[in-house]
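The values are calculated or read from the model by the stated rules, or taken from the named source; none is laboratory data. Keep in mind the model is a prediction, meaning the values are calculated, not measured. Methodologically, a virtual Cβ is constructed for each residue, glycine included, from the backbone with ideal geometry; neighbour enumeration extends over all protein chains shown.
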Amino acid sequence: MDKDTTIEFITIFQRIFNVIDKMSVEGLEEEVFETSCKYGLTIYDASYVTVAAMKNGCILVTDDGKLTGKASGVLKVKSKRRIHSTIGSLLHAKFIIGVVVFRRGMR
């Protein structure tokens, strides 16, 4: 990746993190473990699911099909591909971003 592309990538991340709520699993370790066991998730995935499920209106964004299948019974799950065309309006909602893949030109 060249320098200009890298700077553009950093700028995109800065914009995203300025409009989303940042949430933590600190203090939720027991709930994360219980979610992991109950739904057969890794601790990593269970962290996202636990936090998103505890916050009303959060949407888990992931392109991981297995995670989508397991988490969709607990909370709203959207794929990046599905929201790509409506990203402008979705930036005003609360999101937990699990897997984010940026393509050059996405702003």
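Within the range 1-41, being closer than 20 Å to Lys78 by Cα and within 15 Å of the chain's Cα centre (by Cα) holds for Phe13, Ile16, Phe17, Val19, Ile20, Asp21, Lys22, Met23.
Give me a count of the residues in the range 20-33 that are among the aliphatic types (A, V, I, L, M) and loosely packed, with under 12 Cβ neighbours inside 10 Å.
Of the residues in that region, 0 qualify.
Report, ordered by the first and then the second residue, all pairs with beta carbons closer than 7 Å, sequence separation of six or more or different chains, a first member in the range 1-29 that is among the polar types (S, T, N, Q), and a second member that is at pLDDT below 85 and not in a loop (DSSP other than H, G, I, E, B). Within 7 Å, no pair qualifies. Among the residues of this structure, Lys55 counts as one that is closer than 14 Å to Val77 by Cα and either touching a residue at least 40 places away in the same chain (Cβ under 8 Å) or touching a Lys or Arg at 6+ places or on another chain (Cβ under 9 Å) (or both). The helices (runs of 4 or more DSSP H) located wholly in the range 36-97 that include 1 or more residues which are at pLDDT 85 or above and surrounded by 14 or more Cβ atoms within 10 Å (Cβ to Cβ) occupy 43-54, 65-71. Against the conditions (1) in contact with a Leu (Cβ under 9 Å, 6 or more places away or on another chain); (2) part of a helix (DSSP H, G or I), Ile7 satisfies every one except (1).
Each residue in the range 10-35 was checked for being in contact with a strand residue (DSSP E or B) (Cβ under 8 Å, 6 or more places away or on another chain) and assigned to a helix (DSSP H, G or I), and 1 of them qualify.
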